[in-house]
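Take a look at the structure below.
Here, each number is a calculation from the coordinates, and none is a lab measurement. If you're wondering where the values come from, they're calculated on a predicted model, not measured in any experiment. Positions of Cβ are generated from backbone atoms using ideal geometry, with glycine treated the same way; all protein chains shown enter the neighbour counts.
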Amino acid sequence: MYPVINPATEQECAQVTLAGVTEADVAIERAHDAFARWREVAPGERATLLRGFASVIDGHIDELAELEVRGAGHTWSNARWEAGNVRDVLNYYSATPERLFGRQIPVPGGIDITFREPLGVVGVIVPWNFPMPIFGWGVAPALAAGNTVVVKPAELTPLTALRIGELALEAGLPDGVLTVIPGRGDVVGQRFVTHPLVRKVSFTGSTRVGKQVMAGCAHQLKRCTLELGGKSANIIFADADLHKAAATAPYAVFDNAGQDCCARSRILVEHSAYDEFLTLFERAVAGVRVADPASDTDSEMGPLISAVQRDRVQGYLDGVDVAFTGSAPQGDGFWVPPTVVLPVSTADRVWQEEVFGPVVSVLPFDDEDEAVAMANDSAYGLSGSIFTGDVGRALRVARGVESGNLSVNSHAAVRYWTPFGGYKQSGLGRELGPDAPDALTEEKNVFIATTKE
Ligand code: NAD
């Protein structure tokens, strides 16, 4: 048994039985059996089942949100959005089965057609920071493309995944098509990597574990998609709407207590606007409402997920120049206030490493070229924002920053209509958007001779 702890109160809120290798193997074999039938379900019927699944989720938004508020310390507005995102992503990919087109390619001597064939059993490994959306991003396109799916939620946050697994059955998804297997990463997650019947692993988590997953998959040439860490830059030019830039910057990094792979945790400000920005930013940070989300429905930031994570985050603050902080509750719970630090240089650990907590570093830059160079001086390349009034510059900088997802005068990050994924050590492959099902299929080519004997 594994205790699920409410991180805002440190009280146990549930016990979950963890599966071992034997249980994982049984579930994978059942998923493999179910694949033979699921791939034959007519496209329109598979689409209807996915829409039905979305509709059942829609009827349980508040219940799912409450599980995430109590089990992971998410704010109510985030948790409702996250449950709604599972519904929306299922609806979006419910259009896939009826549109999984191949091509007809002109060739001599016959006709040539391609098919998009499902892979088989897909293993989805989910981290603890956004348990519901990341579940949906992995599961929905995989099912839509005709695969069956086994999901391993993070040890710390299995509750919503387990409930969504039950809702899938309630919605009429056949047994074995979607199975949630709570377990340890190095046991169940690793089994997804080594089990030959799992044909693809969609992994979201740390870069360290992602590299192990990729190395393990290499033994079987198993497909894998990796969504890993980030250290995204929020680049603010002096010609930007500074009030908007300062008012939105806290939410671009302190949302989900900074436990967000897309957190804009490096703020780069053009020298001539630096002092004014910091003054406005300090006011905005002071305004972030940090409170136990379960008892304060207007809370904008909750606790960190665990004592381990809190201690890790606080470790980054040793010896650094803290410019100012916001507030945080005292007493029980894994709290760290929103914290703004001023590194000495871009070599500082807090500037380079993913803190995964409510800590943001601010440094000035002199010109556009330096801003791009500083943004790119990172092992990561996941997200980023650019604030400027000059559309040409916005596009030049967006093209120059080595990152998979950029927003101009906005912090919009992950939207299910558009591809999402990272450059460099932020990942491999893309999720979401119109092409995600392609990465969950093999492209098969068939030539049919038409020449007379
Ligand atoms: P983690 O790598 O420790 O764990 C992620 C998942 O992998 C968990 O379910 C864990 O049990 C499992 N796991 C652990 N060891 C494993 C192994 N040897 N084999 C297979 N699976 C294993 O990461 P975390 O601490 O849960 O999540 C935080 C990290 O996730 C951060 O680095 C964050 O940036 C990243 N993240 C990335 C994205 C993205 O889309 N790029 C989204 C969210 C989080």
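Some points to look at:
- Taking amide H as placed 1.01 Å from N in the peptide plane, VAL4 has its amide H under 5 Å from the amide H of CYS13, ALA14, GLN15, VAL16, each at least 5 places away in sequence or on another chain.
- Net charge of Cβ neighbours under 13 Å - reference VAL290; Lys, Arg +1; Asp, Glu -1: -4
- Each residue, SER206 and GLU10, gets one label point 7 Å from its Cα in the Cβ direction; the gap between the two is 2.3 nm.
- Projecting the Cα positions of HIS243, VAL391, GLN330 onto the charge dipole of region 233-408 (unit charges on Cβ atoms of Lys, Arg, Asp and Glu, taken about the Cα centre) puts GLN330 furthest along the positive direction.
- Across region 233-408, the mean sequence separation of Cα contacts (distance under 8 Å, 6 or more residues apart), normalised by length, yields a relative contact order of 28 percent.
- Taken about its Cα centre, the chain carries a charge dipole of roughly 1440 debye when the Cβ of each Lys and Arg holds +1 and the Cβ of each Asp and Glu holds -1.
- Trypsin sites (Lys or Arg not before Pro) within region 404-453, DSSP loop, no more than 14 other Cβ atoms inside 10 Å: ARG415, LYS452
- Ordering VAL180, GLN190, VAL209 by the projection of their Cα atoms onto the charge dipole of region 151-214, which places +1 on the Cβ of Lys and Arg and -1 on the Cβ of Asp and Glu, puts VAL209 at the extreme positive end.
- One quarter of the convex hull surface built on the alpha carbon atoms of region 233-408 amounts to 9.6 nm², the projected area averaged over directions.
- For the residue pairs LYS222/LYS424; LYS424/LYS444; LYS152/LYS222, alpha carbon separations beyond 24 Å are given by LYS424/LYS444.
- Global geometry of region 277-321, whether rounded, prolate or oblate, following the gyration tensor of its Cα atoms and the 1.5 cut on a/c: oblate
- Across region 376-453, C-alpha contacts under 8 Å between residues 6 or more apart give a mean separation that, scaled by the residue count, equals a relative contact order of 27 percent.
- Residue order, fewest to most surrounding Cβ atoms within 10 angstrom, among THR450, THR441: THR450, THR441
- The chain, helix-only ellipticity at 222 nm - DSSP H runs n ≥ 4, -39,500 (n - 2.57), divided by all residues, nearest 500: -11500 deg cm²/dmol
- Each Cα pair under 8 Å and six or more residues apart adds its separation to the average, and for the chain the resulting relative contact order is 18 percent.
- Ordering CYS262, CYS217, CYS13 from the fewest to the most neighbouring beta carbons within 10 Å gives CYS13, CYS217, CYS262.
- For ILE235, the residues 5 or more places off, or on other chains, whose built amide H falls under 5 Å of its own are LEU268, SER385, ILE386, PHE387.
- Fewest neighbouring Cβ atoms within 10 Å first, the residues ARG283, ARG396 line up as ARG283, ARG396.
- Counting Lys and Arg as +1 and Asp and Glu as -1 over every other residue whose Cβ lies under 15 Å from the Cβ of HIS243, the net charge comes to -3.
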